[in-house]
Amino acid sequence: MVCKTCLAIRGLMAAAGFSHPLLGLASNMLGDAFDSGEGAFIGGALSPLNPAGNLAAEAGKVKRKATKANKAYSRAFKQVSGRYKKKNGQWKKDGFKNAVKAAHRKAKQ
């Protein structure tokens, strides 16, 4: 049976992009350590007092709002990038650099 702490740790690790076959085992070990009061990494980011560690702090961060100029550049880059890519989707030589320059020129107009 999986405890609530183990499920929370597994969810946080998955949200942070961790994916591994041993993820379930690792989250169970961390959950058991926190439930017993030992703490997995005393003094570090994870402790019995802060079981979610820095992952919880990052999850609560407010993202910045995209500006009008940023949105215009993003649209321009998407339109222009196809000219600088090969048929298989990889960038041509200096393609990314040239696409960035072209998108900036286009967004400026």
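Computed from the coordinates by the stated procedures, all read-outs in this text should not be read as laboratory data. Bear in mind that the values here come from a model prediction, so they are computed numbers and not experimental data.
Details
- Length gained on full extension, VAL62 to LYS78, computed as 0.36 nm times the residue gap minus the Cα-Cα distance: 3.2 nm.
- Residue pairs exceeding 31 angstrom between C-alpha atoms, taken from LYS65/LYS93; LYS4/LYS61; LYS65/LYS108; LYS61/LYS92: LYS65/LYS93; LYS61/LYS92.
- Amide hydrogen proximity for LYS85: with H placed 1.01 Å from N in the peptide plane, the residues at 5 or more positions away or on another chain lying under 5 Å are LYS92.
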